[in-house]
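Presented below is the structure to which this report refers.
The values are calculated or read from the model by the stated rules, or taken from the named source; none is laboratory data. This one's a predicted model, so the numbers in the text were calculated from it and none came from an experiment. Reconstructed Cβ throughout: ideal geometry from the backbone, glycine too, with neighbour counts over all protein chains shown.
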Amino acid sequence: MAGAGKNYLNHEKGIMSWLTSRDHKRIGLLYFYSIAFFFLLGGILAMLIRTELFRSGLYFSPDLYNRFMTYHGVIMVFFVIVPGIPAILGNIIMPLHLGARDVAFPTVNLMSWYCYVGGALLAFLSIFMGGADTGWTFYTPYSINFSGANITAALAAFVAGFSSVLTGVNFVATVHKLRAPGMTMNRITLFTWSLYATAILQVLATPVIAITVLLLAMENIFGIGIFDPELGGDPVLFQHFFWFYSHPAVYIMILPAMGVISELITTFSRKTIFGYTAIAYSSLAIAGVSFLVWGHHMFTSSQSEVAAIIFSVLTMLVGVPTAIKLFNWLATLYKGSIQMQSPMLYALGFIFIFTIGGVTGIFLSTIATDIHFHDTYFVVAHFHYVMVGGTLMAIMGGAFYWFPKITGRMFSEPLARMSWVFIFIGFNVTFFPQFVLGAMGMPRRYADYLPAFESLNQISTLGSYTIGFGFIIALVAIIHGALHGNKAPDNPWGSKTLEWTIPSPPPHENFETIPTVTAGPYEYR
Amino acid sequence: MLWIPSAHAQSFMPPAATDIAENVDSLYGFLLITSLISFVILMGGLAYFVNKYRRRTANDKTAYITHDHTLEFIWSFIPFVIFMICFAWGAKVYLDMRHMPEDAMEVHVIGKKWDWEFIYKNGRKITSDVDDAGKKIPANMVVPINKPVRLIMTSTKVNPEDKRDRAVLHSFFVPAFRVKQDIVPGRYTQMSFTPTKKGKFYIFCTEYCGTGHSSMLGTIEVVDELAFNNWVIGDDSGGPKELSLAEKGKEIFKTRACIGCHSLDGSKMTGPTWKGLYGSNREFNEGPALVADDNYLRESILNSNAKVVKGYAPNQMPSYQGQLEDEEVTAVIEFIKTLK
């Protein structure tokens, strides 16, 4: 190593050394700052939405509400949860897990961040063009109505999509080409397996949304009839294209979270993971089946009855590998040595919330009940349980778990635990009542609602403020830890994976000598 | 299986006002109980293990268990079986829901930003109204109890002259009936229900359609048959009697040049006869045969060259796209339906 005290954070200095860095850890941090910014923005919009819904009647105009709702969705999906785990934790940790000095294409990695920034700028531009009000789904023909801002917002998703594709290509190549000697495919970590499955989805699914947005633009500019019924197009075709991407995108959001959870459960139980092969291959199975189930978003869209039935049965198949993962994590706890540190609290919180998200998924894949629940608050509650409760809990757990490695300092455990209490309780208070609202028939994307729905909406709104408070505490814990935390040891949690064998924070090129691997990743004996 | 009927004691669902709604609720009850059991097993296990195997010392020895094929098979297979039961049950109820009874009373539904219009066969048209205080009274669809109803739905522009404006998606949702169907511009979609309870029930728009989405409410009022028959005639306020949809269609047939090429008595002219057309099997110069339904007739009126009936020359009929309003197209189809 190049002298004591030298690491990737102080290896080079100045803002330009960050903006042109090809070090996977620095790019991961660039992503962290930008994603954290968007998360804050999306979170504020969420609380504005909940404030409007605090009582029956209107505080804002419906048009303003519709823009809050649209930008909350676009930002949280395309700029927070899709890139979240792969681009931050994946970038920083995955090469360390493989025993590599960097990802396969460091320059492409930096380029992916600039694509993300480009998409973000387009999203801002669309706000100044009047603001999109289509919801994050951009359904035609509504999105053709007042084309400027809506098309620009869709283009933002298009450009940000390239960031996703580039990260995916990079990760697939890295996993195949840069494993340390002895690191066979059945010795890579489950986190890496989940990123690998995600990367395949990113590479294969994202181009479809790009093509769809291009078709939308061509229709607008050249008047070619594709989705617009007035030009002889088919608006339902847009829904097929959209969900052909966006359903796999749901797994782009959740698979890496499952990978993080596997790491946390095994570390804090100090026990080898139960069913390594089953968890690894169930990630691939979920990725594969996810391409064949998009029609379950469209049971009421006027697609044929036969199509609906086929999509329903295929969707049920996704449930099986998901259940397998839950049981495997549970079995890992059996006869372990369980330590309830804050990352573990987040992991257990994930299992609790994800189980609710999972079982309510069955209500929606069963066609007859979906007809009632479709486009009601039941769906809103379900996908927040899966994507927010699931993915965000994993991001937070992972962030605290790898915090000592990334920053070289320890965070305040009491603060981290307190953030968990508020986020976990606030989350359930916010979203559980929404299942009931949905069953009662309250449709989603409503700026105003009938007085009968008021009391449950009030509980939900109070819950959302609780979540907001929890994230403020988490932010304080992170900033305080990064600036004033105690110096972190190389391996504070007693983990077995490779990143804990090098100093905290890691040196510029990670490993002084590339390690030779002789055993699996979770050898707790 | 005694617990199923007791399980759907309106578990947060609105009152069930059709037979299908009762069936959906039984399935919902099954799902609720199965998920509750699974949730308790998983979370109970979690809480038990976390408590029992809490770290005692810094150097606890843990068991080295990598896998167990029997266990893994069990926890894959049992969920699989449960999921397949949910699927099959759900598909069956869904098919019942989507079955369109032959003898159903047809009502035309038009969604436009941001209101509902209902048109009955006899030409009676229901729109929303405003009360003395300026408050909106949602459009109220009146239907008789215990009679199947079929809705033929489409979406139109508010202002046909505005080139920038678009007809958009809507969705017709009656929580008390547990039915929902999207309404797609440029085609007809349909749904059916048989109300079994009298009362007034809400209709929500459940496909996002812009500014007025959340105020796009309607109501369905279920009354007994006699009351319905009196209501549907309309009020006798002395004005000229509305033409029925079929009568309007006949007027269009005469005045918009249909009569030049289509016969009503089965004889062959430049175009196919309209007699017995609805519900007949059509064969085309190109493409697969199909049964003539509302959507086929709509397409043939607006874009006649899309499917040319076998034995007839293409390019004989001008497009009526933009020439006829949606309601007029519907009237022509209703007229064709009467020509048995």
| Can you tell me which of B:LYS125, B:LYS157, B:LYS163 is touching a Lys or Arg at 6+ places or on another chain (Cβ under 9 Å) and modelled with pLDDT under 95? | B:LYS157
| query | So, of the residues in the range B:93-113 that are at the interface with chain A (Cβ under 10 Å from one of its Cβ atoms) and part of a loop (DSSP other than H, G, I, E, B), which turns out to be nearest to A:PHE327 (Cα to Cα)? | reply | B:HIS99
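Can you give me the ranges of the helices (runs of 4 or more DSSP H) entirely in the range A:35-135 with at least 2 residues that are surrounded by fewer than 22 Cβ atoms within 10 Å (Cβ to Cβ)? Walk me through it before giving the result.
Details: elements: A:62-74, A:82-85, A:91-98, A:106-128.
Those helices (runs of 4 or more DSSP H) span A:62-74, A:106-128.
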| Answer from A:TYR465, A:TYR446 - the residue that is assigned to a loop (DSSP other than H, G, I, E, B) and among the aromatic types (Phe, Trp, Tyr) | A:TYR446
| message | Looking only at the range A:468-492, count every residue that is in contact with a helix residue (DSSP H, G or I) (Cβ under 8 Å, 6 or more places away or on another chain), in a loop (DSSP other than H, G, I, E, B) and under 16 Å from A:SER412 (Cβ atoms) and tell me the total. | response | 3
| query | Looking at (1) at pLDDT below 95; (2) more than 7 Å from chain A (Cβ to nearest Cβ), which is the one condition that is false for B:MET13? | reply | (2)
| task | Among the numbered conditions (1) at positive phi; (2) more than 23 Å from the chain's Cα centre (by Cα); (3) in contact (Cβ under 8 Å) with a residue 60 or more places away in the chain, tell me where A:GLY130 comes up short. | result | (3)
| message | Testing B:ILE252 on (1) aliphatic (A, V, I, L, M); (2) more than 10 Å from chain A (Cβ to nearest Cβ); (3) farther than 17 Å from B:LYS121 by Cα; (4) in contact (Cβ under 8 Å) with a residue 60 or more places away in the chain, one condition comes back false. Which one is that? | response | (3)
| message | For the range A:403-443, give me each residue that is in contact with a helix residue (DSSP H, G or I) (Cβ under 6 Å, 6 or more places away or on another chain), in a helix (DSSP H, G or I) and aromatic (Phe, Trp, Tyr). | response | A:TRP420, A:PHE422, A:PHE424, A:PHE427, A:PHE431, A:PHE435
| task | Please work out which residue is nearest to A:VAL169 (Cα to Cα), limiting yourself to the range A:60-106 and to residues that are touching a Lys or Arg at 6+ places or on another chain (Cβ under 8 Å) and among the small types (Gly, Ala, Ser). | result | A:ALA104
| said: With the requirement that a residue be in contact with a Leu (Cβ under 7 Å, 6 or more places away or on another chain), outside any loop (DSSP other than H, G, I, E, B) and under 25 Å from A:LEU264 (Cα atoms), what does the range B:47-92 give you? | reply: B:PHE49, B:VAL50
| task | Determine which single condition B:ASN140 fails, assuming it passes every other condition in (1) surrounded by fewer than 22 Cβ atoms within 10 Å (Cβ to Cβ); (2) more than 25 Å from B:PRO14 (Cβ to Cβ). | result | (2)
| Positions within the range B:205-215 being modelled with pLDDT under 95 and among the hydrophobic types (A, V, I, L, M, F, W, C), in sequence order | B:CYS209
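Those residues that are aliphatic (A, V, I, L, M), more than 17 Å from A:LEU96 (Cβ to Cβ) and out of contact with any Ser or Thr (no Cβ under 6 Å at 6 or more places or on another chain), I need them from the range A:476-511; list them, please.
Going residue by residue through the range A:476-511, those that are aliphatic (A, V, I, L, M) are A:476-479, A:482-483, A:488, A:498, A:502.
With more than 17 Å from A:LEU96 (Cβ to Cβ) added as a condition, the list becomes A:476-479, A:482-483.
Hits for the range A:476-511 are A:VAL476, A:ILE478, A:ILE479, A:LEU483.
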| Test for A:SER262: is it in contact with a Pro (Cβ under 9 Å, 6 or more places away or on another chain) and in a helix (DSSP H, G or I) | no
| request: Could you figure out which of (1) surrounded by fewer than 19 Cβ atoms within 10 Å (Cβ to Cβ); (2) more than 31 Å from the chain's Cα centre (by Cα); (3) part of a loop (DSSP other than H, G, I, E, B) isn't true of B:GLY287? | output: (2)
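Yes/no per residue for (1) under 26 Å from A:ILE351 (Cβ atoms); (2) at pLDDT 85 or above:
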position: B:ALA17; (1), (2): no, yes
position: B:PHE39; (1), (2): yes, yes
position: B:ARG56; (1), (2): yes, yes
position: B:ASP60; (1), (2): yes, no
position: B:TYR64; (1), (2): yes, yes
| query | Checking A:MET185 against (1) of a type outside the set (Phe, Trp, Tyr); (2) within 14 Å of chain B (Cβ to nearest Cβ); (3) over 30 Å from A:ALA307 (Cα atoms), which single condition isn't satisfied? | reply | (2)
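Considering every residue within the range A:268-278, establish whether at least one is under 16 Å from A:PRO321 (Cβ atoms), more than 14 Å from every other protein chain (Cβ to nearest Cβ), surrounded by fewer than 19 Cβ atoms within 10 Å (Cβ to Cβ) and not charged (D, E, K, R). Walk me through it before giving the result.
Within the range A:268-278, the subset under 16 Å from A:PRO321 (Cβ atoms) is A:273-278.
Add one more test, that the residue is more than 14 Å from every other protein chain (Cβ to nearest Cβ), and what stays is none.
Checked against the condition, which is being under 16 Å from A:PRO321 (Cβ atoms), more than 14 Å from every other protein chain (Cβ to nearest Cβ), surrounded by fewer than 19 Cβ atoms within 10 Å (Cβ to Cβ) and not charged (D, E, K, R), the range A:268-278 yields no hits at all.
Having 2 or more residues that are facing chain B (nearest Cβ under 7 Å), surrounded by fewer than 24 Cβ atoms within 10 Å (Cβ to Cβ) and in contact with a helix residue (DSSP H, G or I) (Cβ under 7 Å, 6 or more places away or on another chain) is the bar; report the helices (runs of 4 or more DSSP H) wholly within the range A:300-398 that clear it. Full working, then the answer.
Working: elements: A:305-333, A:342-365, A:367-373, A:377-383.
In the range A:300-398, A:305-333, A:342-365 are the helices (runs of 4 or more DSSP H) which contain 2 or more residues that are facing chain B (nearest Cβ under 7 Å), surrounded by fewer than 24 Cβ atoms within 10 Å (Cβ to Cβ) and in contact with a helix residue (DSSP H, G or I) (Cβ under 7 Å, 6 or more places away or on another chain).
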| Out of the range A:354-372, which residues are within 24 Å of the chain's Cα centre (by Cα) and within 14 Å of A:GLY438 (Cα to Cα)? | A:THR360, A:GLY361, A:PHE363, A:LEU364
| Hey, does the range A:186-204 have a residue that's out of contact with any Asp or Glu (no Cβ under 9 Å at 6 or more places or on another chain), more than 30 Å from B:TYR188 (Cα to Cα), not polar (S, T, N, Q) and not in a helix (DSSP H, G or I)? | yes
| Is it the case that some residue within the range B:25-35 is facing another protein chain (nearest Cβ under 7 Å), over 20 Å from B:LYS92 (Cα atoms) and in a helix (DSSP H, G or I)? | yes
| said: If I ask for residues that are under 23 Å from A:ASP234 (Cβ atoms), in a helix (DSSP H, G or I) and among the hydrophobic types (A, V, I, L, M, F, W, C), which ones from the range B:290-331 would you list? | reply: B:LEU297, B:ILE301, B:LEU302, B:ALA306, B:VAL329
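Can we say A:LEU415 is farther than 22 Å from A:LEU96 by Cβ, buried (at least 23 other Cβ atoms within 10 Å of the Cβ) and not hydroxyl-bearing (Ser, Thr, Tyr)? Can you show your working first?
On the way: farther than 22 Å from A:LEU96 by Cβ: yes; buried (at least 23 other Cβ atoms within 10 Å of the Cβ): no; not hydroxyl-bearing (Ser, Thr, Tyr): yes.
Considered against the rule, which asks whether it is farther than 22 Å from A:LEU96 by Cβ, buried (at least 23 other Cβ atoms within 10 Å of the Cβ) and not hydroxyl-bearing (Ser, Thr, Tyr), A:LEU415 comes out as no.
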| query | Of (1) part of a loop (DSSP other than H, G, I, E, B); (2) more than 27 Å from A:SER21 (Cα to Cα), A:SER504 satisfies all except one. Which? | reply | (2)
| note | Here the residues within the range B:203-230 that are touching a residue at least 60 places away in the same chain (Cβ under 8 Å) and within 9 Å of chain A (Cβ to nearest Cβ) are B:CYS205, B:CYS209, B:GLY210, B:THR211, B:GLY212, B:HIS213, B:SER215, B:LEU217
| query | Across the range A:430-470, which residue is surrounded by the fewest Cβ atoms within 10 Å (Cβ to Cβ) among those that are among the hydroxyl-bearing types (Ser, Thr, Tyr) and away from every other protein chain (no Cβ under 14 Å)? | reply | A:TYR465
